[in-house]
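Visitor: Quick one: the structure is below, and I'll ask about it shortly.
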Amino acid sequence: MDFPVELFINAVIAGLLLGGFYAAVTSGISISFGMLDIVNIAHPAFIIVGSYIAYIFNISLGMDPIIVSVVMAPAFYVLGMMVYQIYYLSFEKRGQESLRGLAFFFGVLFVTEVVLILVYGVDYRYVEAVYIGPTLKFGFIDLPLRMLVPCISALVLFAALHLFITRTFTGRAVMAVSQDQGALQLMAADPVRIKRIAFGLSIATAAVAGALLIVIQPIEPSVGREFIGRVFAICVLGGLGSLPGTLIASILLGVVESITATFYGPSWAPAVAFGFLLLTLAFRPSGLLGR
Amino acid sequence: MASSIAIENVHAAYGAVRVIEDVSLRVDAGETVALLGTNGNGKSTLMKCIMGIVRPQAGRIVADIDGQKHDLVGKTPEQIVDLGIALVPEGRRLFPKLTVEENLLLGAFRKTARAQIKANMDFCFEAFPRLAERKSQLAGSMSGGEQQMLALGRALMQAPRILLVDEPSVGLAPLLVARTIDAIKQLKEHYQLTVLMAEQNFTQAVRIADRGYVIVHGKIAFEGRSADELNNNDLVRQLYMGM
């Protein structure tokens, strides 16, 4: 049997598009977990909340889900700062962040999920937009807009975050804050304030990632759980604290999953992806671009 | 305009352990003052009191920054740094996983320093050409001497008026100690800084100091009004030269 080249190329392209979306989902974790050492396992829950907000405005007012998410991002930023403040006062300040902090975010995850179930039920919800449905065709190559638009939006979000982190004073302080808080104070930066801003930003990305998610697939309140393992894996694979590493790892994982799903069936995709993670960690424990 | 710092009757302790007892000293505008003493006598703690990292139990610490008086006790380290007082801490405290350039840029975090980044960075690379060569290397992967240069460079990026240096010689080979001390003098002259330097390497410190204090068991045991007075003091001979 000939190797199905066309199928393979389409699988790779679908993987690239999926990987771009994974980058948006992981960017927030890359900041909170990778740079601030905060194991925010509730991050996917915030993403799902973002999805539902995009859904509500889309259904009731017919607004574009991605534009809704950009408008809502500042509100998520404020929400994130408040969550961090609670986390800081209750756990971090007392040095109990490792276990109790984890339990806190577990709680946030389940409470959010249950509230969404109580309000909206467990039915799958979806949005409507002009780019959901049509597919661009270049010869045998398919580019579904439903995947392409989220991928491009994710890359824009990613570029903006990367510029903020590497080019601004606050951004550089975010990179430094988990390395030596005392030294950061000697640079006239308040570590708690820096972390609050960074955590706010990480939650703000969840608004956008949520909208992208509901563009790609219908959602119900527990869909976020599927992403918990994957986003932390991407984060570790890319190298903690490295946004470019996260982007590369997202795309790699997207492509690997897509090829596996195409040739061996979707149920193998996570296994191969995590196998890939284990291999990387065996040979390069700090991740692809970890410092 | 110049800046100075005055410490009056400061007491400090860690829990029940008294570390600083009734210390008074001053660093006048444009001076380099050495705070001498062997390990465990309270030099670093006094530095931390000035920077607001350790809160004194009693006493006053007043900084005069270009004619404006500021009471430092009760202020946070961030506020004190923002006034224009920079500390090169013991052990350097660089950000090991950031590059040389990123470390330097973090030095310029405070608003006043941001306007002068270009000039200060140029001077920093001129004074420490090694840092220019290693701009994109991670700070943690550099040698001790290079790290000390980076720590000094990062402090000068803060555009300070008063520079505190805590034990710059720790962990360095003798030749590098001499170079570090020379570098402090060079920075001081270029920026007309007021410098307080805690050091156990007496001979090196006295080379650039205008005056000095010897601190023993948390108390000022001797005040040398000139480098000569320090050199010829019996207590100093006893402590440092075994005579």
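The values are calculated or read from the model by the stated rules, or taken from the named source; none is laboratory data. Every value quoted in this text rests on a predicted model; they were computed, and no experiment measured them. No Cβ is skipped: glycine too gets one built from the backbone with ideal geometry, and neighbour counts run over all protein chains shown.
Visitor: Does the stretch B:78-103 hold any residues that are on the phi < 0 side of the Ramachandran plot, surrounded by fewer than 24 Cβ atoms within 10 Å (Cβ to Cβ) and under 20 Å from the mean Cα position of the chain (by Cα), and which are they? Write out each step before concluding.
Guide: First, the residues of the stretch B:78-103 that are on the phi < 0 side of the Ramachandran plot: B:78-83, B:85-90, B:94-103.
In the following step, the residues that additionally are surrounded by fewer than 24 Cβ atoms within 10 Å (Cβ to Cβ) were identified as B:78-79, B:82-83, B:89-90, B:96-99, B:101-102.
Hits for the stretch B:78-103 are B:E78, B:Q79, B:D82, B:L83, B:P89, B:E90.
Visitor: A further question on this structure: Look at the stretch A:122-143 and say how many of its residues are in contact (Cβ under 8 Å) with a residue 60 or more places away in the chain, within 19 Å of A:I219 (Cβ to Cβ) and not hydroxyl-bearing (S, T, Y).
Guide: Let us first name the residues in the stretch A:122-143 that are in contact (Cβ under 8 Å) with a residue 60 or more places away in the chain, namely A:122-129, A:131-132, A:140-143.
Still in the list and also within 19 Å of A:I219 (Cβ to Cβ): A:122-129, A:131-132.
Applying the additional criterion that residues be not hydroxyl-bearing (S, T, Y) yields A:122-123, A:125, A:127-129, A:132.
Residues in the stretch A:122-143 being in contact (Cβ under 8 Å) with a residue 60 or more places away in the chain, within 19 Å of A:I219 (Cβ to Cβ) and not hydroxyl-bearing (S, T, Y): 7 in total.
Visitor: A further question on this structure: Somewhere in the stretch A:51-64, is a residue part of a helix (DSSP H, G or I) and closer than 19 Å to A:F110 by Cβ? Full working, then the answer.
Guide: If we filter the stretch A:51-64 for residues that are part of a helix (DSSP H, G or I), which is where we start, we get A:51-61.
In the following step, the residues that additionally are closer than 19 Å to A:F110 by Cβ were identified as A:51-52.
Yes: the stretch A:51-64 contains one or more residues that are part of a helix (DSSP H, G or I) and closer than 19 Å to A:F110 by Cβ.
Visitor: Scan the stretch A:160-171 residue by residue and report those that are more than 9 Å from chain B (Cβ to nearest Cβ) and either modelled with pLDDT under 95 or assigned to a helix (DSSP H, G or I) (or both). Give the derivation first.
Guide: Step one: list which residues in the stretch A:160-171 are more than 9 Å from chain B (Cβ to nearest Cβ), which gives A:160-165, A:167-168, A:171.
Passing the criteria: A:A160, A:L161, A:H162, A:L163, A:F164, A:I165, A:R167, A:G171.
Visitor: Follow-up. Does B:Y213 qualify as being of a type outside the set (A, V, I, L, M, F, W, C) and crowded, with 23+ Cβ neighbours inside 10 Å?
Guide: Values: of a type outside the set (A, V, I, L, M, F, W, C): yes; crowded, with 23+ Cβ neighbours inside 10 Å: yes.
Yes; evaluated as a whole, the condition is true for this residue.
Visitor: For the stretch B:73-82, enumerate the residues that are part of a loop (DSSP other than H, G, I, E, B), within 14 Å of chain A (Cβ to nearest Cβ) and not β-branched (V, I, T).
Guide: Selection gives B:K75 alone.
Visitor: Can you tell me which residue within the stretch A:148-165, out of those that are free of Cβ contacts under 8 Å to residues at least 40 places away in the same chain and either buried (at least 21 other Cβ atoms within 10 Å of the Cβ) or more than 19 Å from B:K111 (Cβ to Cβ) (or both), is farthest from the chain's Cα centre (by Cα)? Show your work before the answer.
Guide: Applying the first criterion (free of Cβ contacts under 8 Å to residues at least 40 places away in the same chain) to the stretch A:148-165 yields A:156, A:159-160, A:163-164.
Okay, now just the ones that are also either buried (at least 21 other Cβ atoms within 10 Å of the Cβ) or more than 19 Å from B:K111 (Cβ to Cβ) (or both), so A:156, A:159-160, A:163.
Details: A:V156: 14, A:A159: 14, A:A160: 15, A:L163: 17 Å.
The residue in question is A:L163.
Visitor: Since B:R60 meets every condition but one in (1) closer than 23 Å to B:H190 by Cβ; (2) surrounded by fewer than 19 Cβ atoms within 10 Å (Cβ to Cβ); (3) charged (D, E, K, R), which condition does it not meet?
Guide: (1)
Visitor: What is the residue count in the stretch A:172-191 for residues that are facing chain B (nearest Cβ under 7 Å) and in contact (Cβ under 8 Å) with a residue 24 or more places away in the chain?
Guide: Matching residues across the stretch A:172-191 total 1.
Visitor: Got at least one residue in the stretch A:35-42 being part of a helix (DSSP H, G or I) and buried (at least 19 other Cβ atoms within 10 Å of the Cβ)? Spell out the reasoning first.
Guide: The initial filter retains those residues of the stretch A:35-42 that are part of a helix (DSSP H, G or I), namely A:35.
Subset that is buried (at least 19 other Cβ atoms within 10 Å of the Cβ): A:35.
Looking through the stretch A:35-42, at least one residue is part of a helix (DSSP H, G or I) and buried (at least 19 other Cβ atoms within 10 Å of the Cβ).
Visitor: Related question: Can you name the number of the only condition in (1) free of Cβ contacts under 8 Å to residues at least 24 places away in the same chain; (2) touching a Gly at 6+ places or on another chain (Cβ under 8 Å) that A:G200 fails?
Guide: Every condition holds for A:G200 apart from (1).
Visitor: If you don't mind, there's one more thing I want to ask. Has the stretch A:53-71 got at least one residue that is crowded, with 24+ Cβ neighbours inside 10 Å, closer than 30 Å to A:T262 by Cβ and aromatic (F, W, Y)?
Guide: No, there is no match, as no residue in the stretch A:53-71 is crowded, with 24+ Cβ neighbours inside 10 Å, closer than 30 Å to A:T262 by Cβ and aromatic (F, W, Y).
Visitor: Just checking, does the stretch B:164-172 include any residue being of a type in the set (G, A, S), more than 14 Å from chain A (Cβ to nearest Cβ) and in contact with a helix residue (DSSP H, G or I) (Cβ under 6 Å, 6 or more places away or on another chain)? Reasoning before the result, please.
Guide: Quick first cut of the stretch B:164-172, residues of a type in the set (G, A, S) only: B:169, B:171.
From what's left, more than 14 Å from chain A (Cβ to nearest Cβ): B:169, B:171.
So of that shortlist, the ones also in contact with a helix residue (DSSP H, G or I) (Cβ under 6 Å, 6 or more places away or on another chain) come out as B:169, B:171.
Looking for residues that are of a type in the set (G, A, S), more than 14 Å from chain A (Cβ to nearest Cβ) and in contact with a helix residue (DSSP H, G or I) (Cβ under 6 Å, 6 or more places away or on another chain), one finds at least one in the stretch B:164-172, hence yes.
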